[in-house]
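The values are calculated or read from the model by the stated rules, or taken from the named source; none is laboratory data. Here the structure is a predicted model, which is why all the values come from computation and not from measurement. Cβ sites come from the backbone with ideal geometry, for glycine too, and all protein chains shown count toward neighbours. The accessibility values were calculated without ligands, DNA or RNA, using every heavy atom of the protein model including side chains. Shrake-Rupley method; radii C 1.70, N 1.55, O 1.52, S 1.80 Å.
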Amino acid sequence: MASTSAATLLIGSTLSFGHKSGSLAQPKPFGVRLASRASLASFSGLKATTSVSCEAESSFLGKESGVALQQSVARKAHKKSQRLQYHLQPQASFKVAILGAAGGIGQPLSLLIKMSPLVSALHLYDIANVKGVAADLSHCNTPSQVLDFTGASELPNSLKGVNVVVIPAGVPRKPGMTRDDLFNINANIVKSLVEAVADNCPDAFIHIISNPVNSTVPIAAEILKQKDVYDPKKLFGVTTLDVVRANAFVAQKKNLKLIDVDVPVIGGHAGITILPLLSKTRPSVSFTDEEVEELTVRIQNAGTEVVEAKAGAGSATLSMAYAAARFVESSLRALDGDGDVYECSFVQSDLTELPFFASRVKLGRKGIEALIPSDLQGLTEYEQKALDALKPELKASIEKGIEFAQKQVVAA
């Protein structure tokens with residue numbers, strides 16, 4: 001029985017356009033129709049091709065992202081039947097390590113990153129049960145080689161030569177548990193893992209997912225400082241899930257095409273420290289005061305919404321993996337030379353009086369190229385009051401993380 005030699009490759013990321021100082025990242029649709037050809041049969045099993053045609057609509061690449069995709073592969077153009085053709089030679093050249101790969105976030109995140117054409121090696125680390133995850137993923141015929149590493153003795157090797165380290169390790173939230181309840185357990189986990197990163201791949205981008213992010217990112221920064229390898233441009237708290245949720249909820253509420261919606265989210269990554277700037281939603285849309293209140297509270301409490309819906313069986317693992325994969329893909333595109341990559345992230349910042357703050361940042365080969373201050377300008381009265389209200393709580397969380405890391409030094 002004959003089968004159609006075509007497949008559609010959907011890769012998620014965010015691309016901005018327009019004036020770089022003020023425009024928001026605009027997720028747009030992009031589909032790549034891959035017609036199978038023997039000359040590139042080995043390309044990732046996503047059906048190799050000698051021709052590329054673009055079509056709307058996909059999950060999170062825009063039409064403009066055709067440029068980003070073309071930059072991730074070597075291309076040779078020629079005319080054939082008066083149609084422009086591209087020969088694709090994949091250049092998967094980056095190594096990604098996932099620390100906590102056997103967990104609820106780690107497994108779906110590993111699968112999504114395995115799909116990236118930019119990844120040549122995927123290192124999966126956990127304290128147990130990671131061999132099976134690696135074996136399973138290794139059967140996916142995409143470019144990256146999957147290697148597994150189990151236990152503290154194998155942690156250093158999992159990090160050798162890695163470009164991006166993603167840390168979802170830690171315990172998940174349970175019903176009735178706040179992010180601060182997670183602190184004592186996850187703080188020690190992050191401390192140990194970041195120490196290993198500092199010793200084995202100090203130049204890597206470090207993506208912190210382990211909660212509470214408002215504290216674990218400052219912990220990571222202090223550990224890196226103690227190791228004398230801290231580069232604030234390469235340490236990121238992954239807050240992309242707040243943006244993903246804001247986009248989804250706003251599109252649903254206002255009956256908009258989801259692929260067109262982008263809402264910047266600033267502050268932190270817990271409760272009232274999460275501040276969606278609905279007044280800066282793209283495309284421009286008006287909200288009543290009631291809608292602003294309702295959407296803001298839902299975005300802030302969305303994690304609890306999932307925890308309660310799962311009734312003790314887990315937390316927001318799938319949506320977190322999706323959001324983290326988007327941030328990894330953006331980082332890889334920046335490392336690959338894409339000069340137009342923007343994401344929101346919790347980073348060292350001078351946009352406010354707080355030492356760490358989530359905002360949009362421009363990513364480049366060396367990490368953060370610029371913070372985007374325009375999002376904090378021209379806030380509505382509601383947003384300004386919310387910003388003022390979140391600062392004390394965020395400040396306390398940051399100080400808690402710094403104090404934890406410094407106490408470890410004293411104890412040692």
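Given Cβ point charges of +1 (Lys, Arg) and -1 (Asp, Glu) and nothing else, what value in debye, to the nearest 20, does the dipole of segment 239-346 about its Cα centre take? Working shown, then result.
Details: 10 positive and 15 negative charges, 34 e Å.
About 160 debye.
Using only the Cα atoms of segment 266-345, build the gyration tensor, take square roots of its eigenvalues as a ≥ b ≥ c, and label the shape rounded, prolate or oblate: rounded if a/c is under 1.5, else prolate if a/b is larger than b/c, else oblate. Oblate is the answer for segment 266-345, as a/c is 1.5 or above yet b/c matches or exceeds a/b. Solvent-accessible area of segment 94-410 (1.4 angstrom probe, protein heavy atoms only): carbon and sulfur portion equals 52 percent.
Order of 96-105, 195-204 by packing, highest average Cβ count within 10 Å first?
Values: 96-105: 26.6, 195-204: 18.3.
In decreasing order of mean packing, 96-105, 195-204 become 96-105, 195-204.
How high is the relative contact order of segment 94-410? Use alpha-carbon pairs under 8 Å, at least six apart in sequence, and give a whole percent. Display every interim value, and only then the final one.
Numbers: 630 pairs, mean separation 55.9, N = 317.
So the answer I get is 18 percent.
Using a simple spin-label model with pseudo-atoms 7 Å out from Cα toward Cβ, Lys131 and Leu318 lie 3.0 nm apart.
As a test, work out the antiparallel percent of DSSP beta bridges whose residues both lie in segment 94-410, rounded to the nearest 5.
If we restrict to bridges inside segment 94-410, about 45 percent are antiparallel.
Shape analysis of segment 156-311 yields a ratio of the Cα radius of gyration to the Kirkwood radius, Rg/Rh, of 1.04. Once the mean of 1/r is taken over each pair of separate Cα atoms and inverted, segment 94-410 shows a Kirkwood hydrodynamic radius of 19.6 Å. Highest mean packing comes first when the peptides 342-351, 245-254 are listed by Cβ atoms within 10 Å, giving 342-351, 245-254.
Segment Asn301..Asp181, full-extension length gain: 41.6 nm, with 0.36 nm per residue of separation and the alpha-carbon distance subtracted.
Restricting the calculation to Cα atoms, segment 313-412 yields a radius of gyration followed by a Dmax of 16.6, 48 Å. Extending 7 Å from Cα along the Cβ direction at Val171 and again at Ala411 yields two label points whose distance is 1.5 nm. Solvent-accessible area per residue in segment 94-410 equals 38 Å², computed with a 1.4 angstrom probe and all protein chains kept.
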